[in-house]
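> Below you will find the structure I want to go over with you.
The values are calculated or read from the model by the stated rules, or taken from the named source; none is laboratory data. Source: prediction; values computed, not measured. Positions of Cβ are backbone-derived with ideal geometry, glycine not excepted, and every protein chain shown enters the neighbour counts. Accessible surface areas use protein heavy atoms only, side chains included; no ligands, DNA or RNA. Shrake-Rupley method; radii C 1.70, N 1.55, O 1.52, S 1.80 Å.
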Amino acid sequence: MPNRREFLHALASLGAAAAGIARATPQPRFAGEPFRLGVASGYPTPNGVVLWTRLLVDPLAPDGGIDPDAVPVRWEVARDEAMRQIVCSGAAEATPEWAHSVHVQVSGLEPSRWYWYRFSAGDAQSPIGRTRTAPAAGALPASLRFVVASCQHYEHGYFGAWRHAAADSPDLVAFLGDYIYEGFGAKNAVRSHDPGEPQTLDGYRRRYALYRTDPDLATAHAACPWILTWDDHEVDNDYAADRPEDGMPREAFLARRAAAYRAYYEHMPMPPEMRPDGPAMRIHTVLDWGRLARFAILDDRQHRSPQACLRPGQTGGSASVDPDECEALADPQRTMLGSEQERWVEAALAGSPARWNILAQQTPLARFDQKPGPGRRAWTDGWDGYPAARRRLLEFIAAQRVANPVTLAGDVHAFFVSDLKPDFEDPASPVVASELVTSSITSRAWPQAALAHFLADNPHTHFANSDFRGYLRVDLSPQQLRADLRAMDNVRTPDASCSTLASFVVEDGRPGPRPAG
Ligand SMILES: [Fe+2]
């Protein structure tokens, strides 16, 4: 026997099918506070920004505890924090098909200024979020402050780093992947995921909603606009395009990926045109900050070749290999971005009007040889597993004389600051770009002693530290990039302190980071 809610759900679906659209409730009533996940904004342009919320009363209910009707939602944008000077407003519809999420593409705003926004539904009102627009296309702003972060395993710690990041008042946050983790049951966890890995849309929705209940993460989303890319854990550890880690059949894995991508979109402040179509979702895009910076946001998961040289019996995932014993590794046909995205990023860099050209992407480009002394060892899931594709990208950057190229990365749960060279094996290969790798918000890392073991073999890396969780705070001006490596005291308490571990600068026209004086 269906219960009353299932019966009403079935009835509503029938009605919606007959009408061709979901039925909208004129005055929705909620069983609790419907804006529990807060608000967010993203992808600022000179005249607009994306606003996001999701109606939900129970984060762990697959439907969020909201009746299966479309719900009318109002949004307002103001010039002031008190929301007195409204500059635009409108209506959107939160539908059960998209988990009652709302993605509003606002336009008609002024360039380079802060705004405040909120949503309302029925008699409920959301918290007020703060966002801003990018500078006008021709402008050369004196400064931009942005935060770089990745890897926030919920079981591994509290997201206090986000409270400190928001207090730094950045103009923008760049999140580089592992927003959720699909696993469960970490040892010495400070808090818990549901048991079981998510496989279905309901499962991924519950996982995202759980993460979004963290108050410090909500604070950071409400503080400024974000840009985002994903890595593997938003779907499945070490997956590569249509190949899962564990040998699940391809069609079943693509259905899982479609569910994961859909739940990702539903929970992120992404433009409506990024909405996924089944297992496909285009998230690589460009964001310009006047003529000061161009961010090319890359996706190195969805379009990559499978990792080379699996161990006997392994059906997917990654391995640590000797490049001399893995012929496939150097195959120039193998790609990290897919050929379409490779051509796209080349065009974005070659045609850039910006003083600084920043690749916001997942895994470090700098080679990290994991065999001390003679011989080499490469981990196949990162760019070390795609050396020909990496060389193509860095040689293109050098040949085109791309202005001040900087790569941002996460994934390794440690801070790394490196020079990038087209040929890391050749000491005479020129430094053509700079790399800044953020530590994790919470996810655990190798011990520092293990990392230190490999540093002599990687002289292009100036700094590597896995002792601290944290984020990067980057201050950019036309003359200089300055990166502060922000380290959390601990992540086992929600109110831990944060301090600057080290600072590096890159000067205009001089590739390669140096310690700040
Ligand atoms: Fe991670």
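> If I filter segment 67-82 down to residues being open to solvent by less than 10 Å² (accessible area, probe 1.4 Å) and touching a Phe, Trp or Tyr at 6+ places or on another chain (Cβ under 7 Å), which single residue comes out as farthest from R207 (Cα to Cα)?
That would be A78.
> Given (1) within 16 Å of the ligand (Cβ to nearest atom); (2) in contact with a strand residue (DSSP E or B) (Cβ under 9 Å, 6 or more places away or on another chain), where does F159 come up short, assuming only one miss?
If we test F159 against (1) within 16 Å of the ligand (Cβ to nearest atom); (2) in contact with a strand residue (DSSP E or B) (Cβ under 9 Å, 6 or more places away or on another chain), just (2) comes out false.
> Sort out which residues of segment 93-119 are farther than 19 Å from P276 by Cβ and either buried (at least 17 other Cβ atoms within 10 Å of the Cβ) or under 25 Å from the mean Cα position of the chain (by Cα) (or both), and write them in order of number.
Of everything in segment 93-119, those that are farther than 19 Å from P276 by Cβ and either buried (at least 17 other Cβ atoms within 10 Å of the Cβ) or under 25 Å from the mean Cα position of the chain (by Cα) (or both) turn out to be V106, S107, L109, P111, S112, R113, W114, Y115, W116, Y117, R118, F119.
> Take segment 164-185 and flag every residue that is open to solvent by 30 Å² or more (accessible area, probe 1.4 Å) and either within 16 Å of the ligand (Cβ to nearest atom) or without any contact (Cβ under 8 Å) to a residue 60 or more places away in the chain (or both).
Correct list: A167, S169, F184, G185.
> May I pose another question? Only one of A409, A483, A449, A516 is within 16 Å of the ligand (Cβ to nearest atom) and at pLDDT 95 or above. Can you tell me which?
After ruling out the rest, the residue left standing is A409.
> Within the group P215, P195, which residue is at pLDDT below 95 and open to solvent by 10 Å² or more (accessible area, probe 1.4 Å)? Quick ask: steps written out before the conclusion?
Values: P215 fails: at pLDDT below 95.
That would be P195, the only listed residue that is at pLDDT below 95 and open to solvent by 10 Å² or more (accessible area, probe 1.4 Å).
> So which residues in segment 94-119 are more than 18 Å from Y264 (Cβ to Cβ) and small (G, A, S)?
Those that are more than 18 Å from Y264 (Cβ to Cβ) and small (G, A, S): S107, G108, S112.
> Turning to a different aspect of this structure: Output yes when any residue across segment 284-303 is on the phi < 0 side of the Ramachandran plot, polar (S, T, N, Q), part of a loop (DSSP other than H, G, I, E, B) and modelled with pLDDT of 95 or more, and no when none is.
Taking every residue of segment 284-303 in turn, at least one turns out to be on the phi < 0 side of the Ramachandran plot, polar (S, T, N, Q), part of a loop (DSSP other than H, G, I, E, B) and modelled with pLDDT of 95 or more.
> Looking only at segment 428-458, count every residue that is touching a residue at least 12 places away in the same chain (Cβ under 8 Å) and in a loop (DSSP other than H, G, I, E, B) and tell me the total.
16
> Given (1) more than 15 Å from the ligand (Cβ to nearest atom); (2) assigned to a helix (DSSP H, G or I); (3) under 26 Å from T285 (Cβ atoms); (4) out of contact with any strand residue (DSSP E or B) (no Cβ under 6 Å at 6 or more places or on another chain), identify the lone condition not met by A222.
Every listed condition holds for A222 apart from (4).
> Look at segment 486-496 and say how many of its residues are farther than 14 Å from H156 by Cα and either at pLDDT below 95 or touching a strand residue (DSSP E or B) at 6+ places or on another chain (Cβ under 8 Å) (or both).
Residues of segment 486-496 that are farther than 14 Å from H156 by Cα, as a first pass: 486-487, 489, 495-496.
With either at pLDDT below 95 or touching a strand residue (DSSP E or B) at 6+ places or on another chain (Cβ under 8 Å) (or both) added as a condition, the list becomes 486-487, 489, 496.
The total comes to 4.
> Which of the residues belonging to segment 242-267 are at pLDDT 95 or above and either touching a strand residue (DSSP E or B) at 6+ places or on another chain (Cβ under 6 Å) or surrounded by fewer than 18 Cβ atoms within 10 Å (Cβ to Cβ) (or both)?
Scanning segment 242-267 gives D242, P249, R250, E251, A252, L254, A255, E266.
> Kindly check whether there is at least one residue in segment 228-239 that is more than 16 Å from the ligand (Cβ to nearest atom), hydrophobic (A, V, I, L, M, F, W, C), crowded, with 18+ Cβ neighbours inside 10 Å and at negative phi.
No, segment 228-239 contains no residue that is more than 16 Å from the ligand (Cβ to nearest atom), hydrophobic (A, V, I, L, M, F, W, C), crowded, with 18+ Cβ neighbours inside 10 Å and at negative phi.
> What are the residues in segment 418-446 that are within 14 Å of the ligand (Cβ to nearest atom) and more than 20 Å from the chain's Cα centre (by Cα), if any?
Within segment 418-446, just W446 meets the criteria.
> Within segment 269-288, is even one residue over 30 Å from N404 (Cα atoms) and among the β-branched types (V, I, T)?
No.
> Only one of F368, F415 is hydrophobic (A, V, I, L, M, F, W, C), within 17 Å of G177 (Cβ to Cβ), open to solvent by less than 30 Å² (accessible area, probe 1.4 Å) and within 16 Å of the ligand (Cβ to nearest atom); which?
Unique residue meeting the criteria: F415.
> Quick check on R207: is it more than 14 Å from the ligand (Cβ to nearest atom) and without any contact (Cβ under 8 Å) to a residue 60 or more places away in the chain? I'd like the intermediate steps shown before the answer.
Details: more than 14 Å from the ligand (Cβ to nearest atom): yes; without any contact (Cβ under 8 Å) to a residue 60 or more places away in the chain: yes.
So R207 fits the description; yes.
> Taking the residues in segment 458-511 that are β-branched (V, I, T) and within 21 Å of T407 (Cβ to Cβ) as candidates, determine which candidate is nearest to the chain's Cα centre (by Cα).
Residues of segment 458-511 that are β-branched (V, I, T), as a first pass: 461, 474, 491, 493, 500, 505-506.
Going one step further and asking which of them are within 21 Å of T407 (Cβ to Cβ), we end up with 461, 474, 505-506.
Working: T461: 24, V474: 16, V505: 24, V506: 24 Å.
Once the filter is applied, the top-ranked residue is V474.
> Which residues, taken from segment 459-468, are assigned to a strand (DSSP E or B), open to solvent by less than 50 Å² (accessible area, probe 1.4 Å) and of a type outside the set (A, V, I, L, M)? Step through it out loud before you land on a result.
Initially, segment 459-468 is screened for residues assigned to a strand (DSSP E or B), giving 461-465.
Next, only the ones that are open to solvent by less than 50 Å² (accessible area, probe 1.4 Å) stay: 461, 463-465.
Result: T461, F463, N465.
> In segment 371-412, what residues are part of a loop (DSSP other than H, G, I, E, B), out of contact with any strand residue (DSSP E or B) (no Cβ under 7 Å at 6 or more places or on another chain) and open to solvent by 10 Å² or more (accessible area, probe 1.4 Å)?
Within segment 371-412, K371, P372, G373, P374, G375, R376, Q400, R401, D411 qualify.
> Considering only residues that are under 29 Å from V432 (Cα atoms) and either among the basic types (K, R) or not in a strand (DSSP E or B) (or both), which ones fall in segment 469-510?
Within segment 469-510, R469, R473, S477, P478, Q479, R482, R486, D508, G509, R510 qualify.
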